[in-house]
Each structure stands twice: as C-alpha cells, then as structure tokens.
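Everything on this sheet refers to the single structure shown next.
A short reminder: the numbers here are calculations on the coordinates, not readings from a lab. Computed from a predicted model, the values in this text were never measured in an experiment. Every residue, glycine among them, receives a Cβ derived from its backbone with ideal geometry; neighbour counts consider all protein chains shown.
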Amino acid sequence: MSWIVDEITKRGGEVFFDEFMELALYHPRHGYYVGEKPRYGRAGDFLTAPTASGWYARVIARLLTAIAAKTRSVCFVDVASGDGAMIHGVLDRLGTAASEVLDGIISIERSEALRSVQKQSLVAAPVEVRWARTVTDIASPPMPCVVHASELYDALPVARVVGCRDGIEELVVGVSAGELEWLRRPPRSEVVAYFERHGVDIENGQIAEANLGAEALHARMLGAMGDRGGLSLTLDYGYEARRLYDPRGRRGGSLTTYHNHRLGRDPLATPGRIDVTAHVNWEDLRRAANAGGWQEIGLWPLAEFLVLAGLAAELDARGLGIDAELDASTFSERQEVKRLLDPEGMGSDLKMLVQATEDMVDVAKRALSLD
C-alpha cells in the first residue's frame, strides 16, 4: 500500500475519491487493471457475462449476423476488450462466415500489455483487427458499427458523498501516519450539479456515488462511430437515478470491491489488488445518446435480452434445444447457459441497454424480434 500513500502524499496528503479510484485501478505500474493477465474469469476475481459462458458471445455473433443480413456487413467494436476473449468467441461462432458478416473488428483496450496479448492471439484472425487505446483514437469506420461494452462504466472512477443536514459533503481519501483514512470536505461544484441534474436529494447519513465521466465517455464512444449508422450494446450493473439513489435500498451506496470472487466494501483495504466498482446511472448514458441523436431500443435484464437476441434458436441450431437428448454434453452446455439466465444472479442483475442511430432502429428491432 506504500505506493499509493506516497502518491497521495505527493498530491498534498489527500485526494478526492475518484482520483483515488483512478490510481487504484489504472496507475501505470501498480493499478489493478495493469498487467498481462485479465482480472476476470474463473481464475480471477470476478466473472463477466463473456467469461461466465461462451454462449454470450455466440448470441452476440448471431445478432451480428442478423444485422449484417440487412446492412451487408458490420464493423464490430469491442470496448474494454481485455485479453480478447469476447472477440475470439464471436469469431469462433461465425467461423468461415466471419468475412461475410464482419467488415473488420476494432478492439479498444486501455492496457498496453493486454493489447499485446491480443495482437499475438489474433494474428490469424479471418478479418482485419485494429487496436486502439481509447475510443477517441479510432477514425470513423466506413461501415455501420455494432459497439459492445461489457462492464465498462461500472469500472469508471466515481466521486463519493455523504448526506448531511445542510446538503452533502464529499468523501476524500487522506493519509495519516502512513495509513489511508476517510475525510469529509465541501463538495466540488460539479458533484453538486450532478445530483441536482438528476433531481436527487441525499438523506442525512446516506452515502452515494456520482460517476462524473460516464456521460462524456458514452458521448465520445457513440460519436466515434461516425455517420454510417450504429448500434450500441452496453452491458452493466445499474439502475435509473430514482432507484440507484433510493436510501431504502442503497443507503450505503453501491460501491463494491471484489477479490477471489468475494464481495467487500472497503476500497482502502488493499488498493491495486482488489477491483472497485459502482453501479451505473442509466440516465447518464441516455442523456449522451439523446444529445447525439441516438434512440433507445430497450433496457432489459441480461436473460431477457439473450432470449430476444436468439438464444433459443442458437441452442436448437446446435442440437441442444428442448427436444435434445439429455446426455452429459447437453447437461454441461445447459449449465453454461444457466449461468447467464440465473434469475438470482447475472441473468437479472446485469442489464443490456440497446441504442441505435435513426437509420438502424428498424434493423435492430427486427434483429431482436421486436417487430
């Protein structure tokens, strides 16, 4: 922990929590997400939908195929792509049809080490793969895009506040005798404006988080897709502001840590060695889309989205549908699917927000069987 104590000391002895979270997760040497090995997966600290089951990528690939049938081909953009597991899953499902469905892939990954891993593992990809560090590093693709982001926004640094009699105070992280500690300070104007914009009052003693960067990042991501049309698939944990900041359900906020698949609540415990996450306010992403002329197709729990996107047809196509013989292989595959559909797990906790440019709305609705 000495590295982050030293860093905060250099900055005057205290930092706002979003600055602390940026250091803990993304410091170029000690940050949690820096390194050649992804932190997710069964051998890591937490599961994401793409790593929980290969069926997630298969369903997304099926959706890409349905969209490409109407647009001739699409460019697949995977944001925060990690070691490229999602891209590999999509390509495996498409097989020899990959070049007919995809007019290239853009992989956006902040970690230089993980981009290097991808470049080695995808050297023989059947379509062109381009890499970028951020969404602003890519030129407008020539084809309609499907941009996919799994658990991107809940890993963004957040400001943290506590309600008091006169409004809110901002929680900052300070250093005392070589140890990290919580301190309270008057809130920054942008933090106050965030809660006012969403019509949120924080009760006395209630803790809450404000993601000051989500709306701007989503606007940049959608804007980077250019003027050839696009579809955005955003998978994350979150709620609308009314529920996210309801003190009856989240009086202590939504901030959570993960290590070895164990949930925790103390982000100061071992910074750089634990994941730190906070739920998304879906209204931030809606504001960004509306400002850019994108329309919302829907917001669904993951299980419902997978059904709309063709999970049952995908199972049938692989001989694993309802009439399949229940042998060991069928049982194993259905258990994989169950992880994604679990109504007491990611099947309901994770949500998929689907947004599209005006010229892609009808295409998206047909692909999701909404027409």
Going highest first, how would you order 346-354, 132-140, 187-195 by mean Cβ packing within 10 Å? 346-354, 187-195, 132-140
Provide the per-residue ³J(HN,Hα) series for the range 107-124, in order, calculated from phi with Karplus coefficients 6.51, -1.76, 1.60 and θ = phi - 60°, each as a whole number of Hz, with x at glycine and proline positions. 9, 10, 9, 5, 7, 5, 4, 6, 4, 5, 4, 4, 4, 6, 6, 9, 4, 9
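What is the extension gain from Glu304 to Asp342, computed as 0.36 nm multiplied by their sequence separation minus the C-alpha to C-alpha distance, in nm to one decimal?
Using 0.36 nm per residue and subtracting the Cα-Cα distance, I get 12.6 nm.
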Sites Ser332 and Ser99 - FRET efficiency at Förster radius 45 Å, r taken between beta-carbons, to 0.05: 0.90
Which semi-axis lengths, in whole Å and largest first, follow from the square roots of five times the eigenvalues of the Cα gyration tensor of the range 61-117? 23, 11, 8
Taking R0 as 41 Å, what's the FRET efficiency between Arg184 and Leu370 from their Cβ-Cβ distance, rounded to 0.05? 0.30
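Counting Lys +1, Arg +1, Asp -1, Glu -1, what net charge surrounds Gly229 among other residues with beta carbon under 9 Å of its beta carbon?
-2
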Nearest-20 debye value, the range 244-371 charge dipole, Cβ charges on Lys, Arg, Asp, Glu: 760
With springs only between Cα atoms under 10 Å, which of Glu179, Glu151, Glu240 fluctuates most in a Gaussian network model of the chain? Glu179
Relative pair counts by distance (%), Cα atoms of the range 193-319, 10 Å bins: 10, 31, 33, 21, 5, 0
Under 25 Å from the Cα of Lys365, which lysines turn up, not counting those fewer than eight places away in the same chain? Lys70, Lys351
Mean separation of Cα contacts under 8 Å, 6 or more apart, over the residue count of the range 47-196: relative contact order %: 21
Over the range 190-316, what is the mean sequence separation of C-alpha contacts under 8 Å (at least six apart), divided by residue count, expressed as relative contact order in percent? 28
What does the charge dipole of the range 88-184 about its Cα centre add up to, to the nearest 20 debye, if the Cβ of each Lys and Arg holds +1 and the Cβ of each Asp and Glu holds -1? 140
Would you work out which of Ala177, Pro187, Val135 lies farthest towards the positive end of the dipole of the range 133-219? Charges go on Cβ: Lys and Arg +1, Asp and Glu -1. Val135
Place a point 7 Å from the Cα of Ser2 in the direction of its beta carbon; the residues of the range 164-185 whose amide N falls under 12 Å from it are none
Can you give the charge dipole size of the chain about its Cα centre, rounded to the nearest 20 debye, using +1 on the beta carbon of Lys and Arg and -1 on the beta carbon of Asp and Glu? 280
Which order, highest average first, do 254-262, 86-94 follow once you tally other Cβ atoms within 10 Å for each residue and take the mean per peptide? 86-94, 254-262
Run the helix sum for the chain: -39,500 (n - 2.57) per DSSP H stretch of 4+ residues, divided by residue count, reported at 222 nm to the nearest 500 deg cm²/dmol. -10500 deg cm²/dmol
As I understand it, the dipole of the range 95-232 uses +1 on the Cβ of Lys and Arg and -1 on the Cβ of Asp and Glu, about the Cα centre. Which of Ala125, Cys164, Gly223 lies farthest toward its positive end? Ala125
Alpha-carbon spread of the range 192-231, three principal axes, descending order, Å: 48, 16, 15
Let me know the Kirkwood hydrodynamic radius for the chain, please, with Cα pairs as the basis and the value in Å to one decimal. 21.6
Starting with the highest mean, order 71-83, 296-308 by the number of other Cβ atoms within 10 Å, averaged over the residues of each peptide. 71-83, 296-308
Post the alpha-carbon centroid distance, the range 103-124 to the range 137-200, in whole angstrom. 29
Below 8 Å between Cα atoms, with a sequence gap of 6+, how large is the relative contact order for the chain in percent? 20
For the range 120-201, Kirkwood radius (reciprocal of mean inverse C-alpha pair distance, Å): 17.6
When Tyr153, Tyr26 are ordered from fewest to most other Cβ atoms inside 10 Å of their Cβ, what list results? Tyr26, Tyr153
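Give me the net charge of Asp362's neighbourhood, meaning all other residues with Cβ under 12 Å from the Cβ of Asp362; Lys, Arg count +1, Asp, Glu -1. Display every interim value, and only then the final one.
Working: positive: Lys70, Lys365, Arg366; negative: Glu358, Asp359, Asp371.
Within the 12 Å Cβ shell, the charges total 0.
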Which lysines does Lys119 reach when only Cα atoms under 24 Å apart count, and residues fewer than 8 places away in its own chain are ignored? Lys37
Local electrostatic count, Gly213, Cβ distance below 15 Å [Lys/Arg +1, Asp/Glu -1]: -4
